[in-house]
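**Student:** I'd like to ask you about the structure that follows.
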Amino acid sequence: MPQPRVYETEAVVIRKMNLGEADRLLTLYTSSLGKVRAVAKGVRRPRSKLGGNVELLTCSRLMLARGRNLDIITQSQTIDSFMAMKTDLQRTSWGLYVAELVDRFTPERQASRALFELLLKTLNRLAGDGVGETALRYFELHLLELAGYRPQLSRCPGCNTELPLSCRLSFSPVAGGLLCMRCRAGEPEVVSLSADAIRMLGRLQDSDGEDVLKTGLSQALNA
Amino acid sequence: MKSGFSSDGSPVSRLVEAFHKLPGIGPKVAQRLTYHLLRAPEEEARALAEAILDVKEKIRLCSRCFNITDIDPCTFCGDEGRDRTMVCVVEKPLDLLAVERVGKYKGLYHVLHGALAPNEGVGPEGLKVKELLARLQGSPVREVILATNTSLEGETTAMYLQRVLSPLGIRVTRLARGLPFGADLEYADDLTLSTAIEGRQPV
């Protein structure tokens, strides 16, 4: 069955690059197709009807026309521009960091509704008044999980033994999790994590993060 | 990229390739330009070659405003008739020309040569920010107009500049954002419309 020539989707602009005189090449993370690269024609002109709807870190409803190589954005309507995030220098840079991670972690045109929702949730949190850095840690952990690299925090990835709670352990990025004392010996590159840090990671990993977000990491640990 | 010529290093194919590297010039246009020059009188080709060398050799950045110029200080900084209490900060030399074309602004300029873009690895040290601060210290400047683009990068740059300039006690203003002339209200994006409502003026 031939694909329809135009399609509509929700998308967050995660990267942009100027193209030609007044066009822009955008990298979008869409709800229905995953990462898509598309051209926004004429957006750099002041009277462009796409204008602010396709600015970085803006979630919009877009109509796209399939092109030979790149799709072309034909209509746009902003859903959320995350204003509160963009008027704060620190939060804007966090937002750009999130966008960059999504761009680097995803192949083109591989849809993941879950990742799209994680992205929106994180941008909403950065635009809200919760603790921004906690939102970032939550995002990183869940991005890893969606990409297939969920860090193993309860069982040793080397020998599958259950790990002891409440003591310092070594995290190995190569093994993809916390190592037991025995497996740790052979691993050259490890990061030592405190029991509190491990507990916190576990909590972020297994919850929707709302409770921790309100108070921040250090307070949540003491609670 | 293929240019239709095999790159055999001959003068013709070298010129075709050189044209092809320019923005907006494809292989066909590169060939056409090359053949135009082949047939053109020698003076025309020589004038072009010299003009290209001249911009590379003579054009540099003004030591005060960092606009591109062949004399230092540039014509804007050297003009005694301009208002020395105002500095308009722009991203690129082309933006300066756009502001200048309007003819409404008679103050000085400062060219940043870019905007903050952490995703592309451009931080404040990649821009002429330090130079702006040094230039404002102890100067008669009373107002700095931030005329960066209204893109996310431009806005971020304006926010950053506002923060580093505030200790100097100079009035910092931002170009108004809102509806462009000749635009359809129904196509205005939410951000533009909301700043337009906030910045409304009595008529």
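The values are calculated or read from the model by the stated rules, or taken from the named source; none is laboratory data. Please read all numbers here as calculations on a predicted model, not as lab measurements. Note that each Cβ is placed from the backbone with ideal geometry, even for glycine, and that neighbours are counted across all protein chains shown. Protein only, heavy atoms only, side chains kept; ligands, DNA and RNA dropped before computing areas. Shrake-Rupley method; radii C 1.70, N 1.55, O 1.52, S 1.80 Å.
**Student:** In region A:164-172, is there at least one residue being more than 30 Å from residue A:84 (Cβ to Cβ) and touching a Pro at 6+ places or on another chain (Cβ under 7 Å)?
**Tutor:** no
**Student:** Counting just the residues of region A:46-78 that are open to solvent by 50 Å² or more (accessible area, probe 1.4 Å) and at the interface with chain B (Cβ under 9 Å from one of its Cβ atoms), which one comes out nearest to residue B:115 (Cα to Cα)?
**Tutor:** If we take residues in region A:46-78 being open to solvent by 50 Å² or more (accessible area, probe 1.4 Å) and at the interface with chain B (Cβ under 9 Å from one of its Cβ atoms), then A:46 is nearest to residue B:115 (Cα to Cα).
Yes/no per residue for (1) without any contact (Cβ under 8 Å) to a residue 60 or more places away in the chain; (2) more than 22 Å from residue A:114 (Cα to Cα); (3) in a helix (DSSP H, G or I); (4) out of contact with any helix residue (DSSP H, G or I) (no Cβ under 8 Å at 6 or more places or on another chain):
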site: A:11; (1), (2), (3), (4): yes, no, no, yes
site: A:14; (1), (2), (3), (4): no, no, no, no
site: A:24; (1), (2), (3), (4): yes, yes, no, no
site: A:29; (1), (2), (3), (4): no, no, no, no
site: A:38; (1), (2), (3), (4): yes, no, no, yes
site: A:43; (1), (2), (3), (4): yes, yes, no, no
site: A:47; (1), (2), (3), (4): yes, yes, no, yes
site: A:63; (1), (2), (3), (4): yes, no, no, yes
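**Student:** Take residue A:87 and tell me if it is at the interface with another protein chain (Cβ under 9 Å from one of its Cβ atoms), surrounded by fewer than 15 Cβ atoms within 10 Å (Cβ to Cβ) and either touching a Leu at 6+ places or on another chain (Cβ under 9 Å) or closer than 19 Å to residue B:119 by Cα (or both).
**Tutor:** In short, yes.
**Student:** Look at region A:19-38 and say how many of its residues are open to solvent by 10 Å² or more (accessible area, probe 1.4 Å) and modelled with pLDDT of 90 or more.
**Tutor:** So the answer is 9.
**Student:** A further question follows. Quick check on region B:169-183: of everything there that is within 11 Å of chain A (Cβ to nearest Cβ) and either more than 10 Å from residue A:48 (Cα to Cα) or touching a residue at least 60 places away in the same chain (Cβ under 8 Å) (or both), which residue is most open to solvent (accessible area, probe 1.4 Å)?
**Tutor:** Once the filter is applied, the top-ranked residue is B:181.
**Student:** Among (1) under 30 Å from residue A:12 (Cβ atoms); (2) touching a His at 6+ places or on another chain (Cβ under 6 Å), where does residue B:155 come up short?
**Tutor:** Here residue B:155 meets the rest and fails (2).
Residue-by-condition table, conditions (1) charged (D, E, K, R); (2) in a loop (DSSP other than H, G, I, E, B); (3) open to solvent by 40 Å² or more (accessible area, probe 1.4 Å):
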| site | (1), (2), (3) |
| --- | --- |
| B:29 | no, no, yes |
| B:55 | no, no, yes |
| B:73 | no, yes, yes |
| B:77 | no, no, no |
| B:85 | no, no, no |
| B:94 | no, no, yes |
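**Student:** Of the residues in region B:114-165, how many are within 14 Å of another protein chain (Cβ to nearest Cβ), without any contact (Cβ under 8 Å) to a residue 24 or more places away in the chain and either touching a strand residue (DSSP E or B) at 6+ places or on another chain (Cβ under 7 Å) or among the basic types (Lys, Arg) (or both)?
**Tutor:** 5
**Student:** Oh, and also: Examine region A:90-103 for a residue that is outside any helix (DSSP H, G or I) and either surrounded by 17 or more Cβ atoms within 10 Å (Cβ to Cβ) or in the same structural domain as residue A:30 (by TED's automatic domain parsing) (or both), and state whether such a residue exists.
**Tutor:** no
**Student:** Right, another one. Failed condition for residue B:140, given (1) in contact with a Pro (Cβ under 8 Å, 6 or more places away or on another chain); (2) at pLDDT below 95, with all others met?
**Tutor:** Only one criterion is unmet by residue B:140, namely (1).
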